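Asks: Below is a structure I'd like to ask you about.
The values are calculated or read from the model by the stated rules, or taken from the named source; none is laboratory data. Given the structure is predicted, the values throughout are model-derived calculations rather than measurements. Positions of Cβ are generated from backbone atoms using ideal geometry, with glycine treated the same way; all protein chains shown enter the neighbour counts. To get the accessible areas, we keep the full protein, side chains included, count just its heavy atoms, and leave off ligands, DNA and RNA. Shrake-Rupley method; radii C 1.70, N 1.55, O 1.52, S 1.80 Å.
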Amino acid sequence: MSHAGSDERTGPSPYRLTFDGTTVTALPGQSVGAALVAAGIVAWRTTRREGRPRGLFCGIGVCFDCLITVDGHPGQRACLVPARDGMRLSAEGDHGGDGGDGD
């Protein structure tokens, strides 16, 4: 039996997201954070004081290390945002938005 958007032999069609001008693919059900890490992008913001790179850390929405701007909305936790086709993602900037930096 075939489902909309999928092929029995290949599975669901991947989504195409853009991160700071780079195309990233994601599978349906994958979070934005998981898609970025799978694409080899492991940091997308830096801490306020030290400028240390941050990305996916806890993966369950407890910390704020994975903050990212999604479709123009800053401060989104990449581990909690489900990937959708056509999403525009961008780094949080030089200071990373919300706290939780630890430095």
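Asks: Amide H to amide H, which residues 5 or more places from Arg52 or on other chains are under 5 Å from it, using H placed in the peptide plane?
Replies: Residues meeting the amide H criterion: Thr47.
Asks: Which net charge results when you count Lys and Arg as +1 and Asp and Glu as -1 among the other residues whose beta-carbon is under 15 Å from that of Arg88?
Replies: Values: positive: Arg16, Arg84; negative: Asp20, Asp71, Asp85, Glu92.
Around Arg88, the charge tally is -2.
Asks: Name the residues whose placed amide hydrogens come within less than 5 Å of the amide hydrogen of Leu67, ignoring near sequence neighbours (fewer than 5 apart) on the same chain.
Replies: Here Ala78 satisfy the definition.
Asks: Could you order Leu27, Leu36 so the one with the most accessible surface comes first? Probe is 1.4 Å.
Replies: Numbers: Leu27 90, Leu36 0 Å².
Listed by decreasing accessible area, they come as Leu27, Leu36.
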